[in-house]
Amino acid sequence: MAELIDITRKFQHLENLIASKPLEWRRGDWLTGHALLCTRRESERFEAHRIEAYQVKGHKHIGFVPNHFKLDGGYYYTVMGLFRHRGDEAMMRRVYYLAGLMESVTNAPSPILRTDLLRRVYQSILEERNCLKVVWRGHVRHFLLPLHTEYYNPNIFYHHVVGAESLKDLYQEIRAETDAQFDILAQQYVFYVPEAFLNLGFTRNGQ
């Protein structure tokens, strides 16, 4: 009888893990909306609630989502780039470095970026965008993902960018700080994505 009936099938919907490394991605229980970023502590609390909700009379009665950052605006395109390359850590770090370059030219008053060297930075951005297939569209304010200040103070990034004395130093500072932020995302956070997000993930940029 066990060969004919899969007694585990009714519990398969509980499994929402898409990937655990280098970043943790989970499928949300909502069909539309934005990706969410939450701490591991909040994710553990939410996952315990999911299991309990699904097991009550065999129905789904999820009463809340974890405390989170909503990844909309510029964050949407950043997280899409990370998700597209979710199986390749080196490529994901390149995506986040590219987000750091965008953050720098948009929001950091660096002396380096007020010279003719800005053209070389823009050229680097265009080359990486084409290679990684990541493009930010519309009115975008921020590119690097939000982090709780207990893990990372965003002013640190701008301080290092502004203090760079050469283009080489600028690139090194952006690389170091985006790698540090990526490490924090890997260690402290979990991404939740809705079904609609998964469907759009490979079509938003024409793929």
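The values are calculated or read from the model by the stated rules, or taken from the named source; none is laboratory data. Only a predicted model underlies this, so the values are computations on that prediction, with no experimental measurement involved. Neighbour counts run over all protein chains shown; Cβ positions are idealised from the backbone, glycine included.
In region 25-48, the qualifying residues are those that are among the hydrophobic types (A, V, I, L, M, F, W, C) and more than 17 Å from the chain's Cα centre (by Cα), and the one that is modelled with the lowest pLDDT is 31. Scanning region 13-56 for residues that are among the aliphatic types (A, V, I, L, M) and without any contact (Cβ under 8 Å) to a residue 60 or more places away in the chain, we see that the one that is nearest to residue 185 (Cα to Cα) is 17.
Determine if region 140-157 includes at least one residue that is at pLDDT 95 or above, within 18 Å of residue 98 (Cβ to Cβ) and outside any loop (DSSP other than H, G, I, E, B). Within region 140-157, one or more residues are at pLDDT 95 or above, within 18 Å of residue 98 (Cβ to Cβ) and outside any loop (DSSP other than H, G, I, E, B). Among the residues of region 167-205, those that are polar (S, T, N, Q), modelled with pLDDT of 95 or more and within 21 Å of residue 98 (Cβ to Cβ) comprise 172, 178, 181. Here region 78-97 is the region considered, the condition is being closer than 14 Å to residue 135 by Cβ and over 9 Å from the mean Cα position of the chain (by Cα), and the residue that is surrounded by the fewest Cβ atoms within 10 Å (Cβ to Cβ) is 84. In this structure, residue 102 does not qualify as within 16 Å of the chain's Cα centre (by Cα), of a type in the set (A, V, I, L, M, F, W, C), farther than 20 Å from residue 177 by Cα and assigned to a helix (DSSP H, G or I).
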